[in-house]
Each structure stands twice: as structure tokens, then as C-alpha cells.
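Participant: Pasting a structure here, questions to come.
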There are 2 protein chains.
Amino acid sequence: MSVIDELLSVPADWLRGDGEENEMVLSCRVRLARNLERKPFTHISGAEDLRDIQGEIKEAVAGTAAMGEALVIDMDDILETERMLLAERRLLSQEMVQKYQNRSLLVNRGEGVSVMVNEADHLRMQVLESGLSARDAFRIISALDDELDEHLGFAFSDRLGYLTACTTNVGTGLRVSAMVHLPGLVHNNDIRQVIDGLRHVKLTVRGSYGEGSEVMGNFFQISNSITLGHTEADTVEDMESHLKKVLEFEKKARESLLREARSLLEDKIWRSYGILKSARLVSPKEAMGLISAVRLGIGLGIVTDVALTDLNEILIMIQPMHLQRLHDRAMKPEERDRIRADFIRSKLNKQ
Amino acid sequence: MSVIDELLSVPADWLRGDGEENEMVLSCRVRLARNLERKPFTHISGAEDLRDIQGEIKEAVAGTAAMGEALVIDMDDILETERMLLAERRLLSQEMVQKYQNRSLLVNRGEGVSVMVNEADHLRMQVLESGLSARDAFRIISALDDELDEHLGFAFSDRLGYLTACTTNVGTGLRVSAMVHLPGLVHNNDIRQVIDGLRHVKLTVRGSYGEGSEVMGNFFQISNSITLGHTEADTVEDMESHLKKVLEFEKKARESLLREARSLLEDKIWRSYGILKSARLVSPKEAMGLISAVRLGIGLGIVTDVALTDLNEILIMIQPMHLQRLHDRAMKPEERDRIRADFIRSKLNKQ
């Protein structure tokens with residue numbers, strides 16, 4: 001069994017779709033950027049340095065309590081399609097898909113805790129949890145951070161904080177983000193105002209699934225953009241408190257939708273569910289829209305025979321590399337539309 | 001139990017959806033226009049004359065073998081909404097919905113044989129059968145015609161044939177029509193050419209469900225327009241032979257659709273079926289389009305878990321007066337969209 005197959009043999013914990021506010025918040029993620037003292041940053045390291053760093057970090061991470069029995073995936077040993085698959089699972093950055101030599105991913109069973117080695121920084125630790133769980137995630141990553149700091153010694157300046165390859169991460173090196181589903185705010189057109197408000201408090205909002213991507217299915221990724229001049233704890237607190245405000249707006253939008261257009265809304269939700277359960281060709285964009293409607297239906301108590309965990313799994317599994325791995329061959333987009341529809345049907349009709 | 005409830009208590013035979021070419025031909029209908037000798041035509045008759053004619057015809061029809069134990073529905077005794085309901089069942093003309101005094105409908109159990117009394121002509125006999133069945137229908141109506149002629153004596157001229165109120169019916173008084181489903185020809189854009197060809201041989205083509213109505217769901221009504229200078233048997237033969245040519249074109253169109261766009265076609269069919277089984281609001285026009293796609297799916301062997309008879313019943317039952325009768329009250333169109341969707345779902349999900 002290849003290390004990728006081993007990873008895929010256990011479903012990712014964060015897909016469970018539980019946790020606080022799980023109907024609106026798919027997941028929270030915290031990430032810490034760290035670098036070893038007395039080693040050049042990744043982008044100015046030669047192959048030998050990179051291998052030294054790689055070896056040192058792999059050894060240190062493997063022994064931590066937070067990671068448990070981690071899978072170690074050396075990027076040089078796997079195919080580009082497999083790196084793309086890891087990116088689809090939110091374990092690898094796009095950058096590392098391309099720049100993979102002397103780089104590794106360490107990931108625990110359940111995929112909640114992972115470390116990219118030799119990405120832009122020597123270490124990019126990540127904790128990914130279901131629901132509104134930034135504090136929990138932060139507790140876990142802090143423990144890992146402390147443990148690793150003891151073994152490895154991280155580059156730190158008393159004046160600036162943690163030193164990172166890119167100035168945008170200097171200070172805490174902390175990026176907290178949440179994947180949220182805001183169909184109510186999109187529908188009532190308040191989403192623009194909400195996004196402006198979040199930007200005003202220095203939060204970044206993107207369409208789901210990657211940087212700069214189009215908003216699909218009303219999924220948004222909200223993350224902090226400030227790492228300097230705030231404590232880590234404040235960053236997490238602020239993020240949660242702003243998120244909660246957004247969720248309040250979304251709840252109100254949903255309530256008013258139900259009040260003012262219940263029939264139309266129910267029709268849209270049930271149709272979307274019906275199409276997902278019967279279509280033979282589904283594009284990525286349409287799939288996201290349909291899943292969004294069904295997810296809203298679950299949140300409103302309209303759809304009761306499908307679990308959030310199944311929808312979350314579908315979101316991951318209908319991505320190109322996941323579909324291709326299911327059938328163990330490359331496919332053109334049109335063929336993937338068919339395989340995507342097949343997968344969705346099999347998942348939703350099993351109930 | 002009212003006479004209308006009695007009628008509705010037994011499903012119409014022609015909805016069975018059996019008979020020759022049943023996948024493309026919903027039904028065939030033959031109609032004979034006849035008038036009593038020595039009585040003024042309906043439109044120039046006073047109330048007393050109309051009542052005399054009405055009584056005479058009711059008595060004669062009630063005793064015929066072709067009609068069996070007929071229901072007698074006097075238009076004066078029922079509501080306008082009930083007359084509209086009878087029109088939706090294809091038993092009454094729109095004209096008779098409006099002009100109803102001293103008029104009657106006689107209809108057998110199963111609704112295959114019926115006679116409108118004092119419509120434009122004293123008698124408008126109708127036989128309605130499932131599938132490509134114009135000859136059968138003609139045999140039945142001829143027997144009724146002969147039987148009634150013996151009792152009543154029909155206005156007839158040796159030079160012109162049967163005399164009728166409108167010159168377009170003089171001669172045979174025979175109108176043969178077929179309700180056909182031609183999605184293949186609509187899709188490949190050959191429908192225009194086929195309709196032109198039919199008009200060239202003096203056949204009339206209309207959208208389904210009434211005169212001048214928009215084509216919905218790719219259903220077309222094809223009927224003869226000539227009643228003078230042809231024998232009745234020739235009219236029926238010609239109609240069937242032209243219909244068979246149209247059906248050949250439709251079959252070829254379906255085959256080439258399957259060959260060239262099977263995936264897209266299957267997707268469209270299954271989606272339509274999925275929407276019908278799940279939507280909460282369906283307009284008449286959308287319903288017809290979706291039913292058309294599922295009907296095509298049955299014809300192509302793609303959809304196997306729904307019967308033509310159920311789709312046929314849906315076509316009748318989702319009309320406004322039928323929906324209102326189900327719930328025994330008047331409804332606005334938007335509310336009917338909901339009730340329509342409910343009815344369709346209950347029918348298709350019972351499997």
C-alpha cells in the first residue's frame with residue numbers, strides 16, 4: 001500500500017461536519033510558520049541545506065505527542081497528480097505542488113495535524129478542525145509548537161517575534177482561517193457589505209478552495225491578515241468574535257428568507273437535491289451550487305435525510321484528482337463531469 | 001355522489017398508454033358531426049327547439065350498444081368549473097364551456113365514447129383511444145353513427161354528404177386526430193419541415209391541448225382538415241399512413257440523438273425525472289417539458305421505473321380544474337404550482 005493509499009484509507013476527521021455552528025462553518029484551520037535558527041530560509045537554501053533541514057524536522061516531528069503516529073510523505077517519492085491530490089485535501093499548498101524537491105509532508109491519522117517541511121518556511125504546521133473551532137485548533141497547534149521549539153529552536157526576534165521568509169507572516173506566524181457557508185447573505189445581497197466590514201478589521205475573504213478562486217457554492221474562506229503587533233491569543237479571539245458576528249448576520253438572512261420566500265426556497269433546495277440524486281453530468285461549478293442549496297436545506301431543517309458529513313465528503317471527493325484516483329486514470333473534464341455525477345449519486349442514494 | 005364525481009371515479013381508458021406506437025402516440029380521436037333532419041341547426045334554434053333536440057338525442061344515445069350504460073351530464077346542472085374540467089378531460093369543447101344552456105354530454109364508463117348534444121352541431125360524437133388507433137376508433141364510431149342514424153335520421157344531402165352547421169365539416173363530418181410526442185424532431189429542428197409537409201397534404205398541426213395553444217412538451221395534435229370529397233375510410237387511412245411517416249422520422253431523429261449525444265440526453269432525461277420527483281413548485285409549461293423528457297426516456301428504454309400510464313394521468317391531473325377539484329377550492333396560479341408539484345411527486349415517488 002502506497003503512503004497516499006494509506007492516507008486515503010481513513011476519512012479526514014474534519015469532514016465529520018460536527019462542532020459548534022457546524023451548519024455554517026465547515027472547518028477552522030490554524031497554521032504556524034516557523035523557521036530553524038541558524039539555517040538559511042528555504043528560498044535561499046541549496047539542496048544540501050534543504051535535505052539537512054528536512055531530516056532534522058522529520059525526526060523532531062515524528063516524536064511529538066500532538067502528531068501521534070504520523071505518515072511521512074516525501075514529495076520526491078510521489079507523482080505530481082498525488083501532490084495535487086494532497087492540495088485538494090488541503091494538506092499541501094499549490095506552491096509545494098510545483099516546488100517539491102527535498103520537501104515533505106507529515107500528517108497524522110485523521111489529517112487534523114500536519115506539517116509541511118521546506119515550503120516557503122522550514123515548517124508550516126497546520127491544524128484543521130470541524131466547525132467553529134479556532135480556539136481548540138490553536139490549543140493543539142500551540143502544544144505542537146512548544147514541543148518542536150524545544151527540539152528544534154525556532155528563529156525568533158525579541159522585537160519582531162517569529163521570523164519568516166515572507167514579511168506578511170513575521171510576528172506570530174499565525175494564520176487562522178474559517179471556511180464558512182453564507183448562502184443567506186449572498187441571496188439578500190448583504191454579502192458585499194459583510195466582506196467590506198471584514199476587510200475593515202483586517203480580515204481577508206476569499207472564494208472557497210484556494211486563493212483568488214471564484215466564489216462557488218457560497219463558500220467563503222475568512223482569515224486574518226495581521227501577524228505583527230498582536231498576540232496569538234488575541235488573533236484567535238478576534239477572529240472568533242468577528243466570525244460570530246458574520247454568523248449572526250447569516251442567521252438573520254436565513255430567517256428572513258424563510259419568512260419571505262419559503263416556498264421558493266424549499267423548491268430550490270429540493271430541486272437541487274433531486275438534481276444531485278439524478279443527474280448524469282455535473283460540472284464543478286454546478287455541483288458546488290447544488291451542494292450549497294442542500295447544505296442550506298439541512299441547516300434550515302428542510303432536508304433531513306442527508307448528513308453534513310456526506311456533503312463535506314462529496315466536496316472533497318468531486319475534485320479532479322480525487323475523481324481520477326477513484327478510477328486510477330487521467331480524464332478529460334467532460335469525463336470527470338460524468339464520474340462526478342456518478343459519485344454524487346452513489347453517495348446520496350445510499351440512504 | 002354527483003355525476004362528475006361518478007365520472008372521475010373510474011380512470012379514462014385512453015390514459016392506459018397502450019396500443020400501437022404508444023411511446024410516440026398518446027391517443028387517437030375520431031369525431032363525427034351530425035344533425036337531425038327537419039330541425040334547425042343549433043345556432044338558429046330557440047330554447048324550446050334545443051330542449052326538444054336534447055331530449056330526443058339523449059333518449060336515442062342512451063339505448064345504443066356502443067355507448068353502454070352512459071353517464072348523462074346536463075350542462076345546466078353543473079358549474080362552470082365542472083364544464084372546464086370536462087374540457088380538460090377532452091370530453092367538452094371550449095365553446096360548450098361557455099354556451100351550455102340546453103346542452104348535454106353523454107359519456108360511457110372509461111370515457112372512450114362520448115356525445116356532445118347541441119354543440120355547434122346537434123351531435124358531436126367522439127371516440128378516444130390509446131396509441132395509434134384511428135381505425136379502431138373509427139370502427140366504434142361508425143357503429144354508433146349507424147345505430148343513431150336509424151333512430152334519429154341525420155341531415156344528409158346526396159350531393160354534399162352530411163350537412164353541418166359549419167361548412168368546414170360538411171361531407172363526412174369526420175375529424176380524425178392524433179396526439180403525438182415528437183421530441184426528436186423538435187430537437188434536431190426537422191419539426192418545421194415535417195409540419196410543412198403535413199400541411200401540404202391538408203393535415204392540421206397544433207400544439208397540444210387545444211386550438212392555437214403554444215407547443216408545450218413537444219406534444220402535437222395532428223388532424224385532417226378535409227371533409228368533403230373523401231370517403232370516411234380514406235380519411236382514416238390517409239391519416240394513419242401520414243402519421244406513420246411522421247413516426248418514422250421521429251424514430252430516426254431519436255436514434256441519431258442517442259448516437260450523437262447519448263450522455264447529454266441521458267443527463268437531461270434523468271435530471272428532468274429528478275426534478276419532477278423533488279420540486280415543490282412547477283408551472284404548467286415546465287411540467288410539460290419535464291414530462292416530455294421522461295416520456296422520451298421511457299421510449300428509449302432509459303427510464304424503466306415509471307409507466308406511460310402514470311405520465312398520461314399526470315398530464316390530465318395537473319391541469320387547473322383537476323388540481324382545484326383535488327382540493328375542492330379555487331386557487332391562484334402560484335398555489336396551483338405547489339399543488340401540481342405535490343401531485344407529481346406523490347405519483348412518481350409511489351414506485
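The values are calculated or read from the model by the stated rules, or taken from the named source; none is laboratory data. This is a predicted model, so every value here is computed, not measured. So basically every Cβ, Gly included, is an ideal-geometry build from the backbone, and we count neighbours across all protein chains shown. Calculation scope for accessible area: heavy atoms of the full protein, side chains included, ligands and nucleic acids excluded. Shrake-Rupley method; radii C 1.70, N 1.55, O 1.52, S 1.80 Å.
Participant: Highest first, please rank the peptides A:328-338, A:99-109 by the mean number of other Cβ atoms sitting within 10 Å of their residues.
Facilitator: Values: A:328-338: 13.5, A:99-109: 20.6.
Taking the mean over residues of other Cβ atoms within 10 Å, the ranking is A:99-109, A:328-338.
Participant: If you don't mind, another one. Taking just the alpha carbons, could you work out the radius of gyration and Dmax for the range A:131-239, both in angstroms?
Facilitator: Just the Cα atoms of the range A:131-239 yield Rg and Dmax of 15.9, 52 Å.
Participant: Please report the projected area of the range A:3-177's Cα convex hull averaged over all directions, in nm².
Facilitator: 9.7
Participant: For peptide B:276-286, what's the mean number of Cβ atoms from other chains within 10 Å of each residue's Cβ?
Facilitator: 4
Participant: Additional query: Can you give me the orientation-averaged projected area of the convex hull built on the Cα atoms of the range B:1-81, in nm²?
Facilitator: 8.0
Participant: To continue, here is another question. How big is D for the range B:220-289, in µm² s⁻¹ as a whole number, if Stokes-Einstein is applied with the Kirkwood radius of its Cα pairs at 20 °C and 1.002 mPa s?
Facilitator: 137
Participant: Further, regarding this structure: Let me check against my output: what whole-number percent is the relative contact order of chain A, with C-alpha pairs under 8 Å and at least 6 apart?
Facilitator: So the answer I get is 19 percent.
Participant: In nm to one decimal, list the spacings between the residue A:65 label point and its equivalents in the other copies, with label points set 7 Å along Cα to Cβ, shortest first.
Facilitator: The answer, with the shortest distance listed first, is 9.9 nm.
Participant: So what's Rg/Rh here for the range B:190-336, counting alpha carbon atoms and using the Kirkwood radius for Rh?
Facilitator: 1.02
Participant: Starting from a label point 7 Å past Cα on the Cβ side, list the distances from residue A:37 to the same position in the other copies, nm, shortest first.
Facilitator: List, nearest first: 12.5 nm.
Participant: Now a separate question. If you count, for each residue, the other Cβ atoms within 10 Å and average over each peptide, how do A:303-311, A:85-93 line up from highest to lowest? Can you show the working numbers first?
Facilitator: On the way: A:303-311: 16.2, A:85-93: 21.8.
Most protected by this proxy first, the peptides run A:85-93, A:303-311.
Participant: While we're looking at this one, here's another question. Report the closest approach of any chain A C-beta to the axis of the A-to-B rotation: residue and distance, in whole angstrom.
Facilitator: Residue of A nearest the axis onto B, distance in Å: A:274, 2.
Participant: With a probe of 1.4 Å, find how much accessible area chain A has per residue, and write the answer as a whole number in Å².
Facilitator: 43
Participant: For residue B:51, place a label point 7 Å out from Cα along the Cα→Cβ vector, do the same in each other copy, and report the separations in nm, one decimal, smallest first.
Facilitator: The answer, with the shortest distance listed first, is 11.4 nm.
Participant: Need one number: the % of Cα-Cα pairs in the protein assembly as shown sitting beyond the 42 Å mark. Write out the running numbers ahead of the final one.
Facilitator: Numbers: 115362 of 246051 pairs.
Here the long-distance tail beyond 42 Å is 47 percent of all Cα pairs in the protein assembly as shown.
Participant: Can I ask one more? Where Lys and Arg each count +1 and Asp and Glu each count -1, what net charge lies around residue A:231 among other residues with Cβ under 11 Å from its Cβ?
Facilitator: Net charge in that neighbourhood comes out at -4.
Participant: Would you list A:37, B:59 from the most to the least accessible area, probe 1.4 Å?
Facilitator: B:59, A:37
Participant: Throw me the Rg/Rh for the range A:66-167, computed over C-alpha atoms with Kirkwood Rh, two decimals.
Facilitator: 0.97
Participant: Could you check the spin-label model distance between residue B:262 and residue A:20? Points 7 Å from the Cα along Cα→Cβ, value in nm.
Facilitator: If labels sit at residue B:262 and residue A:20, their model points lie 5.4 nm apart.
Participant: While we're looking at this one, here's another question. Check residue A:204: other-chain or 5+ apart residues with amide H under 5 Å from its amide H, H built from backbone geometry?
Facilitator: Amide H neighbours of residue A:204, under 5 Å, 5+ apart: A:223, A:224, A:225.
Participant: Further, regarding this structure: Can you list the equivalent-ellipsoid semi-axes of chain A, largest first and in whole Å, using the square root of 5 times each Cα gyration tensor eigenvalue?
Facilitator: 35, 25, 16
Participant: Sorted from largest down, what three extents in whole angstroms do the Cα atoms of the range A:261-348 have along their principal axes?
Facilitator: For the range A:261-348, the Cα spread along each principal axis is 44, 22, 17 Å.
Participant: Leaving out ligands, DNA and RNA, what percent of the accessible area of chain A is carbon and sulfur, probe 1.4 Å?
Facilitator: Numbers: 7480 of 15060 Å².
Of all accessible area on chain A, carbon and sulfur atoms account for 50 percent.
Participant: Same structure, new question: Rounded to the nearest 0.05, what FRET efficiency is calculated for residue B:43 and residue B:248 with R0 set to 41 Å and r the Cβ-Cβ distance? Numbers along the way, then the final one.
Facilitator: Numbers: r = 42 Å, r/R0 = 1.03.
Approximately 0.45, to the nearest 0.05.
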